[in-house]
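What follows is a single structure, written as structure tokens, with notes after it.
The values are calculated or read from the model by the stated rules, or taken from the named source; none is laboratory data. Worth saying up front: this structure is predicted, and the values here are computed from it rather than measured. Note that we place each Cβ from the backbone using ideal geometry, even for glycine, and neighbour counts take in every protein chain shown. What goes into the accessible areas is simple: the full protein's heavy atoms, side chains included, and nothing from ligands, DNA or RNA. Shrake-Rupley method; radii C 1.70, N 1.55, O 1.52, S 1.80 Å.
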Amino acid sequence: MTATAEPTTNEIGKARTRKEDARLITGRSRYTDAITPQGTLHIFVVRSPLAHAKITGIDKSAAESAPGVIGVYTAADLGVEAVGLPNAWPITPDQKSPQRPVLASSTVHFAGEGVAVVVARSAAHARDAADLVEVDYNPLEPVLDMEAAAADGATLVHPDLGTNQSATWVFDSAGAGTGGSVDDAISAAESDADSIVVRRRFRQQRLIPAFMEPRACVVDPTGEQMTIYSATQIPHILRTMTTVVLGVPESKLRVVAPDVGGGFGGKVGVLPEEMLCVVLAQKLRRPVKWTETRSESLLAAHHGRDQIQDITITAKKDGTVTGLDVKLLADMGAYLGLVGPGVPILGAFMFNAIYKIPAYKFTCTNVFTTKTLTDAYRGAGRPEATFAIERIMDELAVELGRDPMELREQNWIKHEEFPFTTVCGLTYDTGNYEQATQQAMELFDYAGLRREQEQRRASGDPVQLGIGISTFTEMCGLAPSRVLGSLSYGAGGWEAAGIRMLATGKVEVITGTSPHGQGLETAFSQIVADQLGVPFEDVEILHGDTQVAPKGLDTYGSRSLAVGGIALVKAAEKVVAKAKKIAAHLLEASEDDIEFSNGTFSVRGTDKGKAIQEIAFAAFMAHDYPEGMEPSLDSDAVYDPENFSFPHGTHLAAVEIDTETGRVELRKYVCVDDIGTVINPLIVEGQVHGGLAQGIAQALFEEANYDDQGTLVNGTFVDYTLPSAADLPSFDTRAVSTPSTSNPLGVKGVGEAGTIASTPAIVNGVIDALRHLGVAEVEMPCTSQRVWRAIQDAKGRSTQETPIDTHSPGAGLGSIDPNNPQGEVQ
Amino acid sequence: MIPSKFDYVKPASVADAVAALEQGGEDAKILAGGHSLIPVLRLRLAAPTLLVDLGGIAELRGIREDGDRVTIGAMTTYYDVLRDDLVKEHVTLLAQATETVADGQVRHRGTLGGSLAHADPAGDLGAVALALDAELTIAGPGGTRTVPASEFFEGLFTTVIGETEILTQISFPRYTGWGSHYEKFNRTAQAWSMCAVAAAIRVDGGTIAEARVGLTNMGATPIRARGVEQALVGQPATADAVRAAAEHATEGTAAPSDADAASDYREHLAKVLTGRAVMAAAG
Ligand SMILES: Cc1cc2nc3c(=O)[nH]c(=O)nc-3n(C[C@H](O)[C@H](O)[C@H](O)COP(=O)(O)OP(=O)(O)OC[C@H]3O[C@@H](n4cnc5c(N)ncnc54)[C@H](O)[C@@H]3O)c2cc1C
């Protein structure tokens, strides 16, 4: 992959292999489950097999007397019935927020919710004894369909709230003064023969973040500060929230996120199990540990997506888009997660995407069901938005008989129009959609593939070809704190950094972000090496421990580089400013005559100079330094971004569909992403590849389903079908760069781009391959069965329903059906 | 993922293994490659109290010529089956199907015997054993017996192997010079079959002289597609003739319905895949 941006410095732009990998792939890593302080007790959570039920009795006696068991506790036993887990994003002042308990006391609201906890000397003892806890349930009606749940007269998940609707959030460009009225646009289009109105319903299926390392937590009460080790993306937020939830003074808590094996948003949460470990460690005065199983992870860790999207677009027949109306229903699951309600709202600003849309309205209603909660998952709100707009642009093109790329180009913001303030009021600083698109079209051979498609259609080839387009943008770098404030988000969006210049000239860098697989140790080292002019190898990045990195807002929302990386630059600037004073003093020159480049402070016009390492040593010795300053170069910075950044790109997919079997084969995938300045092209490529895999997975492979009793049917990786490399083609990824002007590095963020862009590219390709056969829509994931059925339906042949909720009789493992734990296996 | 507590023995002979099973009674289980059993234990879908590991019995491993047959020890791993020259030449279909099982890691641990004994309807080797008229040798307290593949599978995850018996070897007639193909259809590249077709064909002068066709995951057990076989014999190996014969693929099947495929879709797949498998086998 090549970046068109010229590297301006030594390190930035270099395709370094990731320095953390040597440690991570040779076992010199330390994940939470590898931490077992002396005397650790292990817990296992007894979970409800039912989606919705009254708890009528819990018999703990057999479990309590089982070998190795220290105790079995309910919420009442622990005195935590009143404790509620936090929701940090009340999207409206009157949002309905049920208490989310640490353990359910009287009613369970989703299958997988904890009802009791077993504490034992070993994890095996705890697991064995959990089978002996007898819980009696009185089943209640499960609430599974979000549309039915939102309607009047529905069974209520939380009867005391009086409704299953948590909140409705509206953005209307007419009201906001950022654009016209959509209602006017629609009625104008309806009464105008030269206009068109296109309405479509799209479904965002439920997904499971499926990080590699299951969640785990160890709480060690030894010492003045209680230490919480957790496989989390958000150690700093977890610390503050533990104080909020349990009242433990923040100063008495230390949170450590050791090596964390992936998250994808799935580890942005304050977990009932984490709080249980804290409460139990306090009560028993012993370290307490929890590690979930993969099945527990699939069942009880938060899920993602799950929306119904009703989209209306209006346009002139010449192709000019005149209005966009978006109505969403978003399934929150049984409770509100840490930022769950805000996830669809993040999407609100992205439906208009790269287009000049004069009138826009967004309405989202968050709904409770008796399912696992939903919350952030890679892209959080923006993949949903991008899918809807990119799908409807294709639909509009079809209705108007236009080439889908041409129609997009007609409506997108031209590169000379930047900075551009959108109909949502966001100002896109830079971008060049023409450049990315032109490169992508050439690499892809768009014209050639269109010709091949024509031929295959004409010859009635059983393998049809489809071309899918997605010209996406996203907002990265969460976030300007004032903007978050205006959205009632429960925190700011700044990030903190610190730089310690050691006596020997080595550098310790402290970041408040919390890398968990992104390669930030490498990218951040490259940035600091350039800023300070020190060797890459001399920079150490420290993170993920509130004792080391006391201040931070952690890693999610493609913010680490775009916000955390800039904080580093600001801290480095302070180090250099201090060093310059000492250099001037030692070189007996005026500070104004000191130049700094490549790690050396020199006196302009002379050959006199001192390396930054010498200055660091001089500051340490402190034998000779200027009056009025402290003998230290160490510096901290907190950076609050002034704007989001707006990466964009053009993604093109060629899909082949075997019309006899319905199999979708991805033949070619080209993407040209504009992510601003590229710090490390290798890491960028890795992020894009992984992102593509996850976005393609939504389009073709993954889906979390519940049966009519509310049981998750994808309880193992046999049933939750993650694709592997063997399912994907070799991607052709490129980067172009129009640097962001709202931060000094010109970076934009790349962590989510692939995921956001690829899903609609694939689905547009699938529909494009089948449209001439009469197929107008295939729900995601576009499995072979769904595609085959869509073809049959179009031919007017009736087929059976696609059963999404049936346990597989084969495949050996069956599915974990908690109602029938013996499964079909003999 | 912690299984229930169990005892573990690793006998060195078939006789000792049978004795251990007898002692362990109803709650004893054989452990072969573990790639079906261990997940089942970890999910606590089964809780045997004794595992009898066959990994220490050398006589159960390996592939040898046995007159006009090729005989494979039950504990031979997929990987060893795949690489074996005898298998490649005379029982090509077995090698082809084995290559589609999961991924390299699984193929290095999983065993042919374990796969057949497990009798997962989605497993790939049952249809091959059935189509190729394999014979399975089972050792028990009363000695050994040999059953044809057609009598081996009884139902979902059940075979004629008794509680104190061990599958020791699988022997195949030679299909030297036959064309063969395993056509597998799955949800992701390394997953079990939603439906698959095992076909071996002997073509003589452009005409199909003999045909063997087995179906994976079209019922509780692997199924022999006799209707297809009969329709093929005597036909030219052309697309039209094969397609017509493939219409018989669903005879005698009881296709399951699950999230990957409802029964009507499976039935459709069986026909399409049968046509493809036979065409590929016919070369
Ligand atoms: C990720 C993954 C993917 C897989 N994908 C596929 C696939 O695509 N296709 C496929 O066919 N399979 C697949 N499998 C299953 C794999 O092939 C198993 O290895 C196989 O089914 C069982 O063989 P084993 O040697 O591992 O047996 P084990 O798991 O040890 O045993 C399985 C069962 O058979 C019994 N048993 C084993 N050996 C004997 C014997 N000699 N006599 C009597 N009883 C015995 C055991 O008691 C147990 O009940 C997959 C497995 C995994 C983990």
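Odds and ends about this structure:
- Odd one out for residue B:211 among (1) more than 11 Å from chain A (Cβ to nearest Cβ); (2) open to solvent by 50 Å² or more (accessible area, probe 1.4 Å): (2)
- Test: residue A:211 is more than 23 Å from residue A:46 (Cα to Cα), of a type in the set (Phe, Trp, Tyr) and crowded, with 19+ Cβ neighbours inside 10 Å: no
- Summed over region B:236-263, the residues that are within 13 Å of chain A (Cβ to nearest Cβ) and crowded, with 20+ Cβ neighbours inside 10 Å give a count of 8.
- Of the listed requirements (1) touching a residue at least 60 places away in the same chain (Cβ under 8 Å); (2) within 14 Å of another protein chain (Cβ to nearest Cβ); (3) open to solvent by less than 10 Å² (accessible area, probe 1.4 Å), residue B:172 misses just one: (2).
- Residue count, region B:201-237 (criterion: hydroxyl-bearing (Ser, Thr, Tyr) and either part of a helix (DSSP H, G or I) or farther than 27 Å from residue A:784 by Cα (or both)): 1
- Restricting attention to region A:426-478, the residues that are in a loop (DSSP other than H, G, I, E, B) and open to solvent by 40 Å² or more (accessible area, probe 1.4 Å) total 4.
- Selection of region A:258-312 for residues being among the polar types (S, T, N, Q), open to solvent by 10 Å² or more (accessible area, probe 1.4 Å) and either touching a His at 6+ places or on another chain (Cβ under 7 Å) or within 14 Å of chain B (Cβ to nearest Cβ) (or both) yields A:291, A:293, A:295.
- In region A:241-253, the residues that are surrounded by fewer than 21 Cβ atoms within 10 Å (Cβ to Cβ) and in contact with a strand residue (DSSP E or B) (Cβ under 9 Å, 6 or more places away or on another chain): A:243, A:248, A:252, A:253
- Screening residue B:51 with (1) near the ligand (Cβ under 9 Å from one of its atoms); (2) within 13 Å of chain A (Cβ to nearest Cβ) gives one miss only, at (2).
- Subset of region A:616-625 [under 11 Å from residue A:579 (Cα atoms) and surrounded by fewer than 20 Cβ atoms within 10 Å (Cβ to Cβ)]: A:617, A:625
- Scope region A:258-296; condition over 24 Å from residue A:105 (Cβ atoms) and either outside the structural domain of residue A:105 (by TED's automatic domain parsing) or in contact with a Phe, Trp or Tyr (Cβ under 8 Å, 6 or more places away or on another chain) (or both); matching residues: A:258, A:259, A:260, A:261, A:262, A:263, A:264, A:265, A:266, A:267, A:268, A:294
- Residue within region B:20-38 that is surrounded by fewer than 18 Cβ atoms within 10 Å (Cβ to Cβ), among the small types (Gly, Ala, Ser) and within 13 Å of the ligand (Cβ to nearest atom) present: yes
- Yes/no for residue A:102 being in a strand (DSSP E or B) and either polar (S, T, N, Q) or away from chain B (no Cβ under 14 Å) (or both): no
Yes/no matrix, rows are residues, columns are (1) open to solvent by 50 Å² or more (accessible area, probe 1.4 Å); (2) under 30 Å from residue A:112 (Cβ atoms); (3) more than 29 Å from the chain's Cα centre (by Cα):
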residue	(1), (2), (3)
A:128	yes, yes, yes
A:143	no, yes, no
A:148	yes, yes, no
A:159	yes, yes, yes
A:167	no, yes, no
A:171	no, no, no
A:177	yes, no, yes
A:190	yes, no, yes
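- Boolean, residue B:43 is at pLDDT below 95 and within 14 Å of the ligand (Cβ to nearest atom): yes
- Residue A:120 vs. criteria crowded, with 19+ Cβ neighbours inside 10 Å, of a type in the set (Gly, Ala, Ser) and in contact with a helix residue (DSSP H, G or I) (Cβ under 8 Å, 6 or more places away or on another chain): yes
- Single condition residue A:485 does not satisfy, out of (1) assigned to a loop (DSSP other than H, G, I, E, B); (2) open to solvent by 20 Å² or more (accessible area, probe 1.4 Å): (1)
- Exactly one residue among B:153, B:157 is within 11 Å of another protein chain (Cβ to nearest Cβ) and open to solvent by less than 40 Å² (accessible area, probe 1.4 Å), and that residue is B:157.
- Some residue of region B:213-224 being small (Gly, Ala, Ser) and touching a strand residue (DSSP E or B) at 6+ places or on another chain (Cβ under 6 Å): yes
- Residue within region B:221-230 that is more than 13 Å from the chain's Cα centre (by Cα) and within 16 Å of the ligand (Cβ to nearest atom) present: no
- Qualifying helices (runs of 4 or more DSSP H) (wholly inside region B:97-200; at least 1 residues being more than 16 Å from residue B:224 (Cα to Cα) and within 8 Å of the ligand (Cβ to nearest atom)): B:104-109, B:112-118
- Only residues that are open to solvent by 10 Å² or more (accessible area, probe 1.4 Å) and in contact with a strand residue (DSSP E or B) (Cβ under 9 Å, 6 or more places away or on another chain) were counted across region A:695-713, and they come to 5.
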